[in-house]
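> Take a look at the following structure, please.
All of the numbers you see were taken from the coordinates with simple rules; none came from a lab. Computed from a predicted structure; not experimentally measured. Cβ: placed from backbone, ideal geometry, glycine included. Neighbour counts: every protein chain shown.
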Amino acid sequence: MKVNILHSWNVSTGEARSIQDRLRNLVKTNPPRGFRLPPRLVAGVDVACPRSAPVAVAGAVVMHLPDMKVIERRSAVTPLGFPYVPGYLSFREGEAVTACLRHVESDVDAILFDGQGICHPRRFGLASHLGLLTGRPSVGCAKSLLTGTHAEPARAAGSRRRITAGKEVLGAALRTRDGVRPVYVSIGHLIDLPAAVRVVLACCRGYRLPEPQREAHRWVTELSRVGAESLRAAAVGAGSC
């Protein structure tokens, strides 16, 4: 997958904010021509930051719909240089994610990120940031809400409520399984909110999180269990498999 790097990852928090303010106007909130629903190939992306070493372990898993067959797994390990600061997750995880996505060979229809898209204080969360760099339709599917408010969705799977800030619609609180806590879906890049919700629901198979994200989480958890020295060595060599 082609990834365009529009800035350095080695920045301060102030510089990161300036980058967000500069790039957010480039986010497109409509699908490209020919975008198909339901999608055929969806990539789920997740990142682990193990305590054993100061690195980020990124994993991408491409799955085929509707059978949810795993087509491809890719990973990368990079040094962890940016601190954990709410609202700046893409700067902590972005270098590892972009290193990982460069190795993805499948022509994916959409990417699911475990983070926010435009449902973000500066309307430029991880899914928008990485979607812009990859030029692929991208969806933020987060486990917690960063900004905005919403009414409680009905208990049935598929129920949803808009996440709003004043009159602005930022995303949807989406029930993906009867009675479980909703996930928070928002536009990343090259998609609209109804399509983003449809992509998430098309990937759900009875769990709270969509299958590509679940598999990516399992994948990076497994990879991050190796020893600290192995992780450091992989980070130095920008290891990928």
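> Go through (1) out of contact with any helix residue (DSSP H, G or I) (no Cβ under 8 Å at 6 or more places or on another chain); (2) more than 24 Å from residue 224 (Cα to Cα); (3) in a loop (DSSP other than H, G, I, E, B) and name the single condition residue 10 misses.
That leaves (2) as the condition not met.
> Related question: Select from the stretch 84-136 the residues that are closer than 13 Å to residue 189 by Cβ and touching a Pro at 6+ places or on another chain (Cβ under 8 Å) and list them in ascending order.
110, 111, 112, 131
> Is it the case that the stretch 127-138 has a residue that's in contact with a strand residue (DSSP E or B) (Cβ under 6 Å, 6 or more places away or on another chain), polar (S, T, N, Q), within 15 Å of residue 197 (Cβ to Cβ) and not in a loop (DSSP other than H, G, I, E, B)?
For the stretch 127-138, residues in contact with a strand residue (DSSP E or B) (Cβ under 6 Å, 6 or more places away or on another chain), polar (S, T, N, Q), within 15 Å of residue 197 (Cβ to Cβ) and not in a loop (DSSP other than H, G, I, E, B): present.
> Hey, among 96, 195, 154, which residue is over 25 Å from residue 69 (Cβ atoms) and surrounded by fewer than 24 Cβ atoms within 10 Å (Cβ to Cβ)? First the steps, then the outcome.
Values: 96 fails: surrounded by fewer than 24 Cβ atoms within 10 Å (Cβ to Cβ); 195 fails: over 25 Å from residue 69 (Cβ atoms).
The unique qualifying residue is 154.
> State the number of residues belonging to the stretch 1-12 that are loosely packed, with under 13 Cβ neighbours inside 10 Å and either of a type outside the set (D, E, K, R) or in contact with a Ser or Thr (Cβ under 7 Å, 6 or more places away or on another chain) (or both).
So in the stretch 1-12, the residues loosely packed, with under 13 Cβ neighbours inside 10 Å come out as 2, 4-6, 8, 10, 12.
This time we only want the ones that are either of a type outside the set (D, E, K, R) or in contact with a Ser or Thr (Cβ under 7 Å, 6 or more places away or on another chain) (or both), so: 4-6, 8, 10, 12.
The qualifying residues number 6.
> Quick one: how many residues across the stretch 199-219 are under 24 Å from residue 189 (Cα atoms) and in a helix (DSSP H, G or I)?
Going through the stretch 199-219, the residues under 24 Å from residue 189 (Cα atoms) turn out to be 199-204, 208-217.
Of the ones still in play, those that are also in a helix (DSSP H, G or I) are 199-202, 211-217.
Residues in the stretch 199-219 being under 24 Å from residue 189 (Cα atoms) and in a helix (DSSP H, G or I): 11 in total.
> Can you find even one residue in the stretch 25-42 that is touching a residue at least 12 places away in the same chain (Cβ under 8 Å), part of a strand (DSSP E or B) and buried (at least 21 other Cβ atoms within 10 Å of the Cβ)? Give the derivation first.
Step one: filter the stretch 25-42 for residues touching a residue at least 12 places away in the same chain (Cβ under 8 Å), giving 26-32, 35-42.
Keeping just the survivors that are part of a strand (DSSP E or B) gives 41-42.
With buried (at least 21 other Cβ atoms within 10 Å of the Cβ) added as a condition, the list becomes 42.
The answer is yes; a qualifying residue exists.
> Then there is this: Can you tell me which of 118, 163 is buried (at least 17 other Cβ atoms within 10 Å of the Cβ), of a type in the set (Val, Ile, Thr) and under 17 Å from the mean Cα position of the chain (by Cα)? Reasoning before the result, please.
Details: 163 fails: under 17 Å from the mean Cα position of the chain (by Cα).
Exactly one residue qualifies, and that residue is 118.
> Does residue 52 fit the bill of being free of Cβ contacts under 8 Å to residues at least 12 places away in the same chain, surrounded by fewer than 23 Cβ atoms within 10 Å (Cβ to Cβ) and small (Gly, Ala, Ser)? Steps first, answer last, please.
Working: free of Cβ contacts under 8 Å to residues at least 12 places away in the same chain: no; surrounded by fewer than 23 Cβ atoms within 10 Å (Cβ to Cβ): yes; small (Gly, Ala, Ser): yes.
No: the conditions fail for residue 52.
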